[in-house]
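Note sheet for the following structure.
The values are calculated or read from the model by the stated rules, or taken from the named source; none is laboratory data. Remember, it's a predicted structure, so these values are computed and weren't measured experimentally. Glycine gets a Cβ as well: all are built from the backbone with ideal geometry, and neighbour counts include every protein chain shown.
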Amino acid sequence: MLPIWKLLGFVLYVILYFTVLEPYEKWPTPSLKSCLFKIFPIIHIIFIILSSSTEENHTKSHTYRRYIFIGLLFSLGGDIALVYIDSLFEVGVLLFAVAQAMYIAAFGFQPLGSGPMAASFGVVGTALYVYVTRDLKEGIDIKVLLLVYTVLILTMAWRATVQFARDMTIENLCAFVGSFLFVVSDLILSFDKWKGSFYLAPFWNMVTYYLAQLTIGLSACNTYEARFRSKTE
């Protein structure tokens, strides 16, 4: 289990983000200030993982924790690219694509899972991609980038689902919940950007995004030792 103060720090940074930038009905203006307040919660999640790495008997392997850590670092870079300068949108998507690849590497492909489950994610991903890009005015490069990203994030959610179905632990539940919140967050962003803005889109995008990164990060932090203490205290 994590010390409560670590989670309180994350909550504090999220509250500061919404209080200072007020991203409710419109997105914050790209600036260094917006960038810093957006990345503080992600930096804190990275701190949580690093501070828990000194504990022994982790329920997840060192390799798992390393990939989650690297994924958060690339997410941090993606946040900077998306928020600091508008013209770096493609760079931000590319960095988040690498983050999804790191999460996929953490979740692994063993066991592969059932064919129908994999097919269902493929169908959903195809439908969402076609819907979002159908009337897209941007060039072929952004469509290809979005295709790659769609494949990666749906694969990430698929692998998290398979692992949770195989072994219903708290860690796998965190990864499963985080993966779906990540999909929801990116759908909100895509719909708001290309299909027409809707009420409180920036707010719901960031709420689901921060919860997604937090739960994925927490999936790498638990230990057998902490579980034992919680049962005996």
Would you check if there is a residue in segment 56-73 being in contact (Cβ under 8 Å) with a residue 12 or more places away in the chain and over 23 Å from Ala160 (Cα atoms)?
yes
Output yes when any residue across segment 3-17 is part of a helix (DSSP H, G or I), surrounded by 18 or more Cβ atoms within 10 Å (Cβ to Cβ) and in contact with a Ser or Thr (Cβ under 6 Å, 6 or more places away or on another chain), and no when none is.
no
What residue, of Ala175, Ala220, Ala212, is outside any helix (DSSP H, G or I), of a type in the set (A, V, I, L, M) and crowded, with 18+ Cβ neighbours inside 10 Å?
Ala220
Every residue in segment 190-207 that is in contact with a helix residue (DSSP H, G or I) (Cβ under 9 Å, 6 or more places away or on another chain), at pLDDT below 95 and not charged (D, E, K, R), please.
Ser190, Phe191, Trp194, Ser197, Phe198
It is to be established whether one or more residues within segment 144-158 are in contact with a Gly (Cβ under 9 Å, 6 or more places away or on another chain) and farther than 25 Å from Phe89 by Cβ.
yes
List, please: which pairs have Cβ atoms under 8 Å, are six or more places apart or on different chains, and start with a residue in segment 79-94 that is closer than 14 Å to Lys143 by Cα and in a helix (DSSP H, G or I) and end with one that is among the charged types (D, E, K, R) and at pLDDT 90 or above?
Glu90/Asp141
